[in-house]
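Novice: What follows is a single structure, and I will ask about it in a moment.
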Amino acid sequence: MESICIRVEKPVAEEIEKCMRKFHYSTKTEFIREALRDKLKEIEEKEKKEAWEKLFALRGAFKGMEKAQTDEEWHKLKEKAGMEFIKKMEKKFNQK
C-alpha cells in the first residue's frame, strides 16, 4: 500500500469526524479510502456512460454504412465497442 499525506482545513476535518461518527467509521483513513473509492467509481461510471452515449449517437451513421445495416450487426458493433471500452478502463485502472 502507498502512503499519501493530505492537509485539510479545520472545518473539513470537523465534517469528516462528524460523518465518521454518524456512519460508524473507526478511523479517518477508513473514511477517506472509501470516499476516494467512491469518487473513482463515479468517474469511471461517468466515462462509461459518455462512451455509450457517443456510441449510441453514432448508431444512425453505422446503420447507413455497409458494416451495420441490420440491428444484429449494430448489436455486434456495440458489443465490440463495449469490450474495447472495458479493456481501456482495466488498463487505465490496472485491473484484470
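Novice: Of all residues in region 62-87, count the ones that are within 27 Å of the chain's Cα centre (by Cα) and at pLDDT below 75.
Specialist: 1
Novice: Look through Arg37, Arg59, Arg33 and report the one residue that is of a type outside the set (A, V, I, L, M), at pLDDT below 80 and under 24 Å from the mean Cα position of the chain (by Cα).
Specialist: Selected residue: Arg59, the only one of Arg37, Arg59, Arg33 that is of a type outside the set (A, V, I, L, M), at pLDDT below 80 and under 24 Å from the mean Cα position of the chain (by Cα).
The values are calculated or read from the model by the stated rules, or taken from the named source; none is laboratory data. No experiment lies behind these values; they were computed from the predicted model shown.
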